Amino acid sequence: MNEKMTIAVVYGSARQGRFCDTVVNWALTELWAESGVRITLIDPLELKGTAGDAVLNAEALEAKIAEADAFIIVTPEYNHGYPAPLKEMIDSCYEPWHAKPVGFISYGGVSGGLRAVEQLRQVFSELHTVTIRDTVSFSNVWAQFDAAGNPFKAAEAKAGLMVMLRRLKWWARALKTARAEHAYSGIAA
């Protein structure tokens, strides 16, 4: 199976002036250098609209989730948890998440967003995903990046991302093959 794998990078924050853009932009720079992957973005700010657009946005979101072979969730930690816009995106559909791997990049204060990730693991297990054990975490994130958005410990951050990405890609290939051979929705029937 040599076709390109689609990895959806999911923004976890919708706050004005969010730091999520800095973390996502760093990750994208590294991910675009990877061969064999196609990157798509899922951003709650782009999904917001008027009440009339809500159905269209939900359909567009579900289509993006369905087309992805794997996900990287970039989440901050707000008040010891993950943000409400991320939960809203996750809960917007059910079956398109099934039998796909999810990796995490987290950031925040002293915990680096790890409490948010642990909560998200519970949510994603209910969606029948496989979460990757290895994460990338930035504690005290505001002191981890320079003004241009580059991590001060770039080699260390990239090394962590590459470990997570290799495992994410392994699971994505394995689960894509399994989904092609047997529809996941039919195994419990």
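From Cα pairs below 8 angstrom and at least 6 apart in sequence, can you work out the relative contact order of the stretch 1-117, rounded to a whole percent?
Rounded, it is 32 percent for the stretch 1-117.
Comparing VAL37, VAL123, VAL110, which has the greatest mean-square fluctuation in the GNM of the chain with Cα pairs linked when under 10 Å apart?
VAL110
Using only the Cα atoms of the chain, each taken as one equal point scatterer with no solvent, compute I(q) by the Debye sum, divide by I(0), and report log10 of the ratio at q = 0.10, 0.16 Å⁻¹.
The Cα Debye sum returns log10 ratios of -0.38, -1.00.
Take the chain, connect every pair of alpha-carbon atoms lying under 10 Å apart with a spring to form a Gaussian network, then pick out the residue of ASP21, ASP69, ASP91 with the largest mean-square fluctuation.
Comparing ASP21, ASP69, ASP91 in a Gaussian network model of the chain, the most mobile one is ASP91.
Along the Cα→Cβ direction, 7 angstrom out, place labels at ARG179 and PHE152. What is the inter-label distance in nm?
4.0 nm
For the chain, what is the charge dipole size about the Cα centre, in debye to the nearest 20, if Lys and Arg each add +1 at the Cβ and Asp and Glu each add -1 at the Cβ?
Value, rounded to 20: 500 debye.
Longest span of the chain, sites excluded, free of GluC sites (Glu not before Pro) in DSSP loop with at most 16 other C-beta atoms within 10 Å?
35-189
Counting each DSSP H run of 4 or more residues in the chain as -39500 (n - 2.57), what helix-only mean residue ellipticity at 222 nm follows after dividing by all residues, to the nearest 500 deg cm²/dmol?
-13500 deg cm²/dmol
If I model a spin label as a point 7 Å beyond the Cα along the Cα-Cβ vector, how far apart are those points for GLN122 and GLU95 in nm?
Taking the two extended label points, one gets 2.8 nm.
Quick one: net charge around PHE145, please, counting Lys, Arg +1 and Asp, Glu -1 for every other residue with C-beta under 15 Å from its C-beta.
-1
Based on the alpha-carbon gyration tensor of the stretch 95-189 and its eigenvalue square roots a ≥ b ≥ c, which shape applies: rounded if a/c is under 1.5, prolate if not and a/b is larger than b/c, or oblate?
Prolate is the answer for the stretch 95-189, as a/c is 1.5 or above and a/b outweighs b/c.
Looking at the chain as a GNM with Cα springs under 10 Å, which of THR29, THR75, THR135 has the largest mean-square fluctuation?
THR29
Of the beta bridges DSSP finds with both residues in the stretch 5-186, what % are antiparallel, to the nearest 5?
10 percent
None of the figures in this text is laboratory data; all of them are computed from the coordinates on show. Keep in mind the model is a prediction, meaning the values are calculated, not measured. All Cβ positions, glycine included, derive from the backbone under ideal geometry; neighbour counts span all protein chains shown.
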